[in-house]
Amino acid sequence: MTNVLIIGYSAAFLSMIAFFPTLYDIFQKKTAQHISLYSTLLLLTSFILWVIYGVRLESWPLVVQCAFSGFIQLLILLAIFCTFKKKNIKRLF
């Protein structure tokens, strides 16, 4: 394995686990009220686009990393919507 591949896989791994603290924080506090809806939507959209790009290039490490990170963002987004539903907040945006 070359140094470039080691750097690439290390970056992918760190990107994949970067959102676990946020997810853990949401489950600890039992609310996602402190998480930005806009940031979460932007990140989720960017990961979807990266997955499409990776599939087109047949870059499977990129696809796996972005799909996994996008799944974590989707869980965070669901937590945000559940928080809004629990608090009966009428305005999401």
*Report the charge-dipole magnitude of the chain in Debye, nearest 20, computed about the Cα centre from +1 at each Lys and Arg Cβ and -1 at each Asp and Glu Cβ.*
660
_Compute the angle between helix 37-57 and the longest alpha-carbon principal axis of the chain, please, reported from 0 to 90 degrees and rounded to the nearest 10._
30
*asked:* What is the angle, in °, between the Cα long axis of helix 3-17 and the longest principal axis of the Cα atoms in the chain? Nearest 10 is fine, range 0 to 90.
replied: 10
*With each run of n ≥ 4 DSSP H residues scored as -39500 (n - 2.57), what mean residue ellipticity at 222 nm is computed for the chain after dividing by its residue count and rounding to the nearest 500 deg cm²/dmol?*
-27000 deg cm²/dmol
_Among (i) 15.5, 53; (ii) 14.5, 43; (iii) 16.3, 49, the entry that matches Rg and Dmax of the Cα atoms in Å as calculated here_ = (i)
_Among 50, 8, 33 the positive-end extreme of the charge dipole of the chain (Cβ point charges)_ = 33
*Relative contact order for the chain: what is it in percent, counting Cα pairs under 8 Å that are at least 6 residues apart?*
38
*In nm, what is the difference between 0.36 nm times the number of residues separating residue 64 and residue 24 and their Cα-Cα distance?*
12.2 nm
*Roughly what angle does helix 60-87 make with the longest principal axis of the chain, taking Cα atoms, 0 to 90 degrees, to the nearest 10?*
0
*asked:* Assuming 0.36 nm per residue, please report the length gained on full extension of the stretch residue 56 to residue 9 beyond their Cα-Cα distance.
replied: 15.0 nm
*Between residue 75 and residue 2, what length comes free when the chain is fully extended (0.36 nm per residue of separation minus the Cα-Cα distance, one decimal in nm)?*
22.8 nm
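Any read-out appearing in this document is the output of simple, stated calculations on the displayed coordinates, not a laboratory observation. In this text, all values refer to a predicted model and were calculated from it rather than measured experimentally. Positions of Cβ are generated from backbone atoms using ideal geometry, with glycine treated the same way; all protein chains shown enter the neighbour counts.
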